[in-house]
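Please treat every number below as a calculation from the coordinates, not as lab data. The shown structure was predicted, so the numbers you read here are calculated from the model rather than taken from an experiment. Note that we place each Cβ from the backbone using ideal geometry, even for glycine, and neighbour counts take in every protein chain shown.
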Amino acid sequence: MSPATTMDTTLPSSNSALYNIPQLAEDGSNWIMYKQRATTVIGARGLMWYLDGCIMKPVPYKTDSSGKTVKPDGSTAMETKIEELEKKIDEYYQKDSLVKQHIFSTISDWLLLQVQNLDNASKIWEEVHTIHECKTELVQIDLRRQLQETQCEEGGDIKAHFGELLQLRESLAGMGVSIDDKDFLAIIIGSLSESYRPLLSSINAAAQITKKLLTPYELVNVVSEEYEHRQLMNWCRYHNLARH
């Protein structure tokens with residue numbers, strides 16, 4: 001009989017890319033994704049209780065007037081108990097500092113100055129969370145406005161324009177705001193200059209016949225092809241005139 005297959009449950013080393021946390025943008029635009037990744041990484045390292053404040057810092061034994069180390073109940077603490085407590089205190093500071101380092105290494109210097117003097121990792125995380133949950137709502141409003149108002153001027157670079165729209169949509173998605181395909185398609189159409197109206201009318205007519213609307217990405221491809229064709233025709237006209 002062949003030996004049973006064993007599953008390797010060894011955790012990755014602390015230097016593994018699996019433990020990487022992205023930088024938190026100063027404007028908080030990637031807060032939702034940052035929060036998810038940070039809590040996942042910290043949880044994977046067995047440190048979540050230090051982040052949410054469930055682990056309390058061990059309290060050192062006191063020394064009485066005679067110089068003896070005593071427990072909270074007043075009894076004398078044995079050497080073994082003192083060593084055990086010291087190990088627990090060392091472990092607490094080590095793991096709490098590791099969580100702090102995860103946070104400090106991924107936030108801006110400005111934010112670090114605001115939170116660095118708080119008592120422990122859970123209070124630091126709570127403050128970072130409070131600041132960015134409020135900021136996120138304002139950033140969402142600003143990004144939505146930009147997405148709705150961004151226009152491509154006549155003769156403008158349509159590819160750069162589409163790149164900007166897609167980036168705005170992705171930024172909102174990273175903050176937990178979903179712009180569905182139907183709405184995004186309307187935004188794209190509304191952002192194009194008048195010279196693209198004949199093309200859009202043809203696309204709309206074809207969609208009515210086939211009963212199938214283009215996806216935003218299909219529309220981007222069609223309009224981009226038209227843009228490239230126009231660029232090529234302009235280049236040809238310029239060189240034909242230059243010859244004459």
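More than 18 angstrom separation, counting every C-alpha pair in the stretch 17-149; what % is that? List each step's numbers first, then the result.
Values: 5511 of 8778 pairs.
Roughly 63 percent, rounded to a whole number.
Give the aspartates and glutamates whose C-alpha is closer than 17 Å to that of K87, dropping any in the same chain fewer than 8 places away, or say none.
Answer for K87, where 17 Å is the Cα cut-off: E79, D96, listed by chain and number.
I'd like to know which of G155, Y92, S171 lies farthest towards the positive end of the charge dipole of the stretch 77-220, counting +1 on Cβ of Lys and Arg and -1 on Cβ of Asp and Glu.
Result: G155, furthest along the dipole toward the positive end.
Taking neighbour Cβ counts within 10 Å as the exposure measure, how do H229, H102 sort from fewest upward? All intermediate terms of the calculation are to be shown ahead of the outcome.
Numbers: H229 10, H102 19.
Sorted ascending by nearby Cβ count, the order is H229, H102.
Using only Cα atoms, find the angle between the long axis of helix 79-104 and the longest principal axis of the chain, and express it within 0 to 90 degrees, rounded to the nearest 10.
The two axes meet at around 10 degrees.
In debye, nearest 20, what is the charge dipole magnitude of the chain about its Cα centre with +1 on Lys and Arg Cβ and -1 on Asp and Glu Cβ, if you could check?
Using only the charged Cβ atoms, the result is roughly 320 debye.
If R₀ is 22 angstrom, what is the calculated FRET efficiency for the pair N221 and Q148, using the beta carbon separation as r and rounding to 0.05? Write out the running numbers ahead of the final one.
Values: r = 23 Å, r/R0 = 1.03.
Calculated transfer efficiency: 0.45.
Between A77 and residues 5 or more places away or on another chain, which pairs have amide H atoms under 5 Å apart, with H built 1.01 Å from N, and which residues are they?
Long-range HN contacts for A77: T69, V70, K71.
Got a sec? How would L200, L24 order by Cβ neighbour count within 10 Å, fewest to most?
Working: L200 15, L24 22.
Lowest to highest Cβ neighbour count: L200, L24.
In whole Hz and in residue order, list the ³J(HN,Hα) couplings for the stretch 190-201 that follow from phi through the Karplus curve 6.51 cos²θ - 1.76 cosθ + 1.60, θ = phi - 60°; x for Gly and Pro.
Computed from phi, the couplings for the stretch 190-201 are x, 8, 8, 6, 4, 5, 8, 4, x, 5, 5, 5 Hz.
Could you give me the ³J(HN,Hα) list for the stretch 209-215, computed from phi with Karplus coefficients 6.51, -1.76, 1.60 and θ = phi - 60°, whole Hz, x at Gly and Pro?
3J(HN,Hα) across the stretch 209-215, in whole Hz: 6, 7, 6, 9, 7, 5, 7.
List, in the order given, every pair from K35/K95; K71/K100; K35/K135; K159/K182; K81/K123; K35/K182 whose Cα-Cα distance in the structure shown is over 24 Å. Kindly include the intermediate steps, with their values, before the conclusion.
Numbers: K35/K95 19 Å; K71/K100 30 Å; K35/K135 14 Å; K159/K182 20 Å; K81/K123 29 Å; K35/K182 29 Å.
In this structure, K71/K100; K81/K123; K35/K182 exceed 24 Å between Cα atoms.
What dipole magnitude, in Debye to the nearest 20, does the stretch 17-149 give about its Cα centre under +1 on Lys/Arg Cβ and -1 on Asp/Glu Cβ?
On the way: 16 positive and 20 negative charges, 52 e Å.
With only Lys, Arg, Asp and Glu charged at Cβ, the dipole is about 260 debye.
How big is the stretch 156-244 in terms of Cα radius of gyration and Dmax, in angstroms?
Values for the stretch 156-244 (Cα only, Rg and Dmax): 16.0, 58 Å.
Taking only Cα atoms, what is the 0 to 90° angle, nearest 10, from helix 216-243's long axis to the longest principal axis of the chain?
50 degrees
Can you match Rg and Dmax of the Cα atoms in Å to one of these, (1) 29.6, 108; (2) 33.3, 109; (3) 17.9, 51, based on a calculation from the structure here?
The value computed from this structure is option (1).
Compute the convex hull volume of the Cα atoms of the stretch 123-168, divide it by the residue count, and report the result per residue in Å³ as a whole number.
Per residue, the Cα convex hull of the stretch 123-168 comes to 67 Å³.
May I ask you to derive the relative contact order of the stretch 17-149, considering only C-alpha pairs under 8 Å and at least 6 residues apart, and to give it as an integer percent? List each step's numbers first, then the result.
On the way: 106 pairs, mean separation 42.3, N = 133.
Dividing the mean separation by the residue count of the stretch 17-149 yields 32 percent.
In percent, what relative contact order does the chain have, based on Cα pairs under 8 Å that are 6 or more apart in sequence? Show your work: numbers first, answer last.
Values: 178 pairs, mean separation 46.1, N = 244.
Result for the chain is 19 percent.
Lys/Arg Cβ at +1, Asp/Glu Cβ at -1, dipole of the chain taken about the Cα centre: which of P22, A77, Q208 is farthest positive-ward?
Of P22, A77, Q208, it is Q208.
From a point 7 Å beyond the Cα of K123 in the direction of its Cβ, which residues of the stretch 26-53 have a backbone N at a distance under 17 Å?
50-53
Return the long-range amide H neighbours of M175 (sequence gap of 5 or more, or a different chain), with a cut-off of under 5 Å between placed amide H atoms.
Answer set, sorted by chain and number: none.
Pop the C-beta distance of K57 and S105 into the FRET formula with R0 = 35 Å and round what comes out to the nearest 0.05. It would help to have the intermediate numbers written out before the result.
Values: r = 22 Å, r/R0 = 0.64.
Efficiency, rounded to the nearest 0.05: 0.95.
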